[in-house]
Every structure is written in C-alpha cells, then in structure tokens.
Amino acid sequence: MTEERWRSVAIGLGVVLVALVVVIVATSLPTGSPSPTAQPSGGSPGLASGTPAASSSAGAPTEAPSVPASASAAPTATPSPTIPPSAGLATVTFTDFKLDAASDSAGKARTFTFKTDGPGNVKATLSTKSPQGTSKFCLKVGGGSPVCRTLASGTLTGTTSAKGKTTFTVTLIGSGIATPTVGLTLSFRAREPSVALTNGRFDGASDVGYDGMRFRIKVRSGGSVATRASWGTTTFDYSYELVDPTNPGGAQTFTGNGTSMDRTDSVAPSRTWGVSLLNTSSASGRVPLTMTVSWR
C-alpha cells in the first residue's frame, strides 16, 4: 500500500474516533434540571402533627397560660408552690391526748380541720408519748382522697396553689387495739388561724388523756385566744387555763359548770401560750368533745 493510501486510512479512522467520543459525551448528559425534594404537608419537617411551627416574623409576646389552682398531700416534703404565700405561718401543737382504737366499735378518729389562705404548704407532725402501738395518721385536702400512714411518729405534708381558702383535714386513730397517747403539730398559712376538733373526748379527771385537750399556740400581734367547746347535754365541772411558759406563776385559770364554754381572752402578744380545757368532774364514761380554737 502506498504512503498516500496509508494517510487516507489514518484520516478516516480519526474522523470515526471523534464521532464516537461526541456520541458518548452527549448520551451521558442529563436531559433536564433535577426535581425538588418533596416536603411533608401540614407543617415544617420535624414537628409532630398539630404542633405549630415557629413564625419567622416578630410579633406580640405570647402570654403564658395561667397555672390552675391545685392542692395535694404526700407522706414526704412537697415543693413550695410557685406563687409566693400571701398569709403568715400559723402553728399549733396539741399534746398528750389519747386515741381510740380502730378495733373499738365505739371508737372514733380524732379529726382536726383548718383552712389556709392563699398558696402555701401544710405540715402535720405526729409524735407518740406512750409505747402503746401505732396510729393511722391521715391528711386530706378539700374533698380529695386522704393520704394515710400507719406509724408511731412521722410527718405528712400538703400544698396548695389556690388564691383563696383551702380546707385541710387530719385524722388520727389507734391501729388495731392500740390506744396511744400522742401529740400533733399543725403548721399552715392563714390570716386568722383556727382549728376545729371533732370526736374529741371529755370523759373526766381520772381518765387522763381522755379528759379534754391541751395545746400550745404562737399568738400573733393581735394578742387574743378564743376557744369555743361543747360536750353534749350533760353538765360537767371544767377548768380552762392559759399559761405563759415564760411566767408560769401568772396563769389565767377559769372554772365553770355546764355543757359548753365560749371564751375570748386577751394575752401577751407575739409569744407561745399553753392552753388547756379539762373535765374536772369524776369520769362517767365516754363524753364527746367538739372544740374550735382561734388566735390572733
């Protein structure tokens, strides 16, 4: 083959090779722009259905929902309400009173009822003086179910965030056949504190622990103690006494005879006073006692 013939063949092969490269490049290019990725409808990605997405535009601040009033009781300390308390702390300690036994068909739980003003915590502390068994100790808030524990000593606490009044109830009865002699301290926030006792006992002088009630209260700047009590339809001799622990010799003692007593007395303010209401007659069986004590 002549040199001119070889040159013609080489040129032809070059043209074919260039054509093949053009075809390969053309077929490898996309025919259009890529499609956008679909987003889920109904909100921004990552938010659950029904959850509004945050707006990118500035606007008026959103008001936080108000916290509803609530109250609860527990066997251990409860956290303070988020709303600051609006009433001062009141404390009363009932001492040396004897409980009925749960197994006694005529036995009744000592019941203490009081009201708080505004938000705050409540604490009820039980102590046992005699080794006569344990007590069923309960704290109830309003019309809810009580929190109960069976023990010799311990504390139940409650809390309320209500702006108005909240009713708390504490009950005590001996466990099984037990009739322990106990003490009870109540701490709660109230503007004009008051505690009502029902199912107390006022049996007589020789039945110690069932002969009435003894208690201590921290009187406020108002300097007054009011006690109202009744014990059925039978008249009994009674003794009512107010004692300043810093001056025991200056006790105020009042005696009487009847089926009830209603007194309001002025006392030195801003100190703790010991108070007692006792049946000084001979014991004559079970005598129910209802009593309300208030102080300022």
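All of the numbers you see were taken from the coordinates with simple rules; none came from a lab. None of these values were measured; they are calculated from a predicted model. Every residue, glycine among them, receives a Cβ derived from its backbone with ideal geometry; neighbour counts consider all protein chains shown.
Structural descriptor for region 68-192: relative contact order 44 percent, calculated from alpha carbon pairs under 8 angstrom and at least 6 residues apart. Once both labels are positioned 7 Å from their Cα atoms along Cα-to-Cβ, the gap between Ser284 and Asp96 label points is 2.5 nm.
Which percent of Cα-Cα pairs in region 98-233 sits in each 5 Å bin, short to long? P(r) for region 98-233, in whole percents per bin: 2, 9, 18, 22, 20, 15, 9, 4, 1, 0. In terms of the mean number of neighbouring beta-carbon atoms within 10 Å, the peptides 258-266, 134-142, 285-293 order highest first as 134-142, 285-293, 258-266.
Neighbours of Gly204 by Cβ distance under 12 Å: Lys/Arg scored +1, Asp/Glu scored -1, total -2.
Straightening the chain between Cys148 and Ser221 buys 22.8 nm, computed as 0.36 nm per residue apart minus the Cα-Cα spacing. Each label was represented as a point 7 Å from its Cα along the Cα-to-Cβ direction; for Ala87 and Ala196 these points are 1.4 nm apart.
May I ask you to derive the FRET efficiency for Thr264 and Thr235 from their Cβ-Cβ distance with R0 = 30 Å, giving the value to the nearest 0.05? Taking R0 as 30 Å, the efficiency between Thr264 and Thr235 is 0.85. Candidates Gly209, Ser224, Thr264 compared by Cα position along the dipole of region 202-296: farthest toward the positive end lies Ser224, with charges placed on Cβ.
Debye-formula intensities of region 202-296, expressed as log10 I(q)/I(0) at q = 0.10, 0.16 Å⁻¹, are -0.26, -0.63 (one equal scatterer per alpha-carbon, no solvent).
For region 170-178, the Karplus equation 6.51 cos²θ - 1.76 cosθ + 1.60, evaluated at θ = phi - 60°, returns couplings of 10, 10, 9, 8, x, 7, x, 9, 5 Hz by residue, with Gly and Pro reported as x. Which residues in region 266-282 have a backbone N closer than 12 Å to a point placed 7 Å from the Cα of Phe254 along the Cα-to-Cβ line? Once the point is set 7 Å along Cα→Cβ of Phe254, 266-267, 276-277 turn out to lie under 12 Å by backbone N, inside region 266-282. Region 213-232 and region 282-296 have Cα centres spaced 12 Å apart.
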